[in-house]
Amino acid sequence: MYAGKILCVNLTDLSFSILSPENSIYDKYIGGRGLCGHLLSTHLDSNPLIFCNGPLTGSGYQTTARCAVMHINPKTGGIFRSDFGGRFAAALKNEGYDGLMITGRAENPVSLVIDNGVRFGRVTDDFAVVEAGAHSGINWCSILSDGFFTTHRGGTGTMMHRMNLISIGIRPAAEPQKPDTSAYEDIERLINAAPSLTGRPGIGRFGTAALYDLAHARNILPNVFFNLPKPDAHTNACAIGETESVSCGSCTIACRKRKNGLRIPEYDGFAMLMSVGIPFDKIIETYNFCLKQGIDVITACHCIAQSGMDAEEFLHSIPEEFYNGADRFTVKGIELPAIAPDGALGAALGYATSPNGADWTTAMALTHEILRKPVPTDRYSVEGKAVINIAYENAKAAADSLPVCRYALFAVSLEEYAKASGTTAAHLADCGNEIFMNEISIIRRLGFGMETDRLPDGLLKPEQQKAFDSELKKYHRMRGLI
């Protein structure tokens, strides 16, 4: 399950070393996101860029071909953590490493190659690769993995540009065999029984853009806080037509879709581009242009709305005044994602309290407020959302560390993945709490106090804001922060 080694690369002198964490570190932080957080916390002064896999990487279990990434956000000075799919995580594990930590800056642009050793040179086409987006000027440049998967947001591509690191290539691992276990069967059964994943209008058919219809019907698209006209309901994911699925390794959901060789936008990208007026027939082309350039669509669309510029003109020539992104509708300097907070108050609370800044994937309130699973909650009420969000934050932190894709959590619980990893759901939840609170500790060290756990002014009605502030205080108390 573990290789027991972290590859540490110093680009300043093009050297490398091996770090071997104690078993207690793996027991406490699991791997993936948790291990990234531990490494960032202990090496914060070195400003590292960290990639980690987890104990289920390469196991063949569904949705586990994810690689966690964490670093200081060059846009905000806060923490950034995310994950991405493709072959990279399994390739890193196959080379004998649980993580890769990169520090320093190369004198000249270099590519890091891991192939039965470490060298700097050309990355061949058959390698699992992570590369920085082309736009080196913006502080919110993304990365692209295997030419298809991306982290968006957070400036990981910017970090690579600043390090003079063009790409990272690793010899890919063989596709893992499906494990012959009851845990695998339980997970597969739950995924196949979830309409939101494998149903006729589900993510497995249309990608995560399938969520657009639900957001449109509930009037929570970003046009609400942009104060722009509501997009057409009929130009949705279904209107794209038949697409080809691209799976992250052994994933049976295959939420990433492409058509004519181009990637179909995920929900946030689809909803954002529609909300700022990109014509439906140009959505796919525009989205793929952004991928190649490393342009985070969420940040870009906030900048477009703030500037009042034509969207196409902005994306092809980003003004320098927006090289650090937008400054409206942000939490901890990060722009709101594509769910309007006044129509999903659990998600709004999650925006305020996420160590990442505005991010719906931290507390996953979308599951119960919009998808109505496992139990529907009143999306217009914030009461009781503190305890729900904390439970989801802990579960999500643990899942990110195994790693498990966020969309699997629409149907599968920690109980099934605990069975797959030989532990208990209670232990995973406890680890999730440790992982999340470690991230809180990091952002406090970076200067983000509790006063930054807030929404932008004016997004909630006065009566909503009063209830929100009360629930936020309850959240802080339950987390032991006050």
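Things to note:
- Residues residue 13 and residue 218, FRET efficiency given R0 of 56 Å [Cβ-Cβ distance, rounded to 0.05]: 0.55
- Net charge dipole size for region 356-422 [Lys, Arg +1 and Asp, Glu -1 on Cβ; Debye, nearest 20]: 140 debye
- Computed over region 206-331, the percent of Cα pairs more than 20 Å apart is 43.
- Taken about its Cα centre, region 120-217 carries a charge dipole of about 340 debye when Lys and Arg each add +1 at the Cβ and Asp and Glu each add -1 at the Cβ.
- Looking at region 433-482, none of the trypsin sites (Lys or Arg not before Pro) sits in a DSSP loop with at most 14 other Cβ atoms within 10 Å of its own Cβ.
- Extension gain, residue 445-residue 177: 0.36 nm per intervening residue step, less the Cα-Cα distance, totals 92.2 nm.
- Over the chain, relative contact order from alpha-carbon pairs under 8 Å, at least 6 apart, %: 17 percent
- The chain - Rg over Rh from alpha carbon coordinates, Kirkwood radius: 0.93
- Theoretical gain in end-to-end length, residue 23 to residue 164 [0.36 nm per residue, Cα-Cα removed]: 47.4 nm
- Assigned charges on the beta-carbon of Lys, Arg, Asp, Glu; the chain dipole about Cα centre (debye): 400 debye
- One decimal place: the segment residue 415-residue 239 gains 59.7 nm when fully extended, by the rule 0.36 nm per residue minus the C-alpha distance.
- Of all aspartates and glutamates in the structure, those lying under 13 Å Cα to Cα from residue 230, and not within fewer than 8 positions of it along the same chain, are 213.
- Dividing the mean sequence gap of close Cα pairs (under 8 Å, 6+ apart) by how many residues region 339-482 holds gives a relative contact order of 29 percent.
- Size-normalised alpha-carbon gyration radius of region 339-482, reference 2.2 N^0.38 Å: 1.03
- Alpha-carbon gyration tensor eigenvalues x 5, square-rooted, for region 6-170, Å: 21, 18, 17
- Gap separating the Cα centres of region 50-120 and region 450-482, nearest whole Å: 35 Å
- Neighbourhood charge, 14 Å Cβ-Cβ cut-off, centred on residue 218 and excluding it, Lys, Arg +1 and Asp, Glu -1: -1
- The calculated 222 nm mean residue ellipticity attributable to helices in the chain amounts to -10500 deg cm²/dmol, summing -39500 (n - 2.57) over DSSP H runs of n ≥ 4 and dividing by all residues.
- Listed by chain and number, the lysines whose alpha-carbon sits under 27 Å from that of residue 292, ignoring those within fewer than 8 places in the same chain, are 75, 93, 257, 259, 282, 332.
- Applying 1/(1 + (r/R0)^6) with R0 = 25 Å to the Cβ-Cβ distance of residue 136 and residue 230 gives a FRET efficiency near 0.10.
- Radius of gyration, Dmax [region 383-459; alpha carbons; angstrom]: 14.6, 47
- GluC sites (Glu not before Pro) lying in DSSP loop within region 192-282, provided at most 12 other Cβ fall within 10 Å: 242
- The loop-placed trypsin sites (Lys or Arg not before Pro) in region 86-132, going by DSSP, that have at most 15 neighbouring Cβ atoms within 10 Å of their Cβ come out as 105, 122.
Quick note: the coordinates plus some simple rules give every number you see, no bench work behind them. None of these values were measured; they are calculated from a predicted model. Counting neighbours? That spans all protein chains shown, and the Cβs are built from the backbone with ideal geometry, glycine included.
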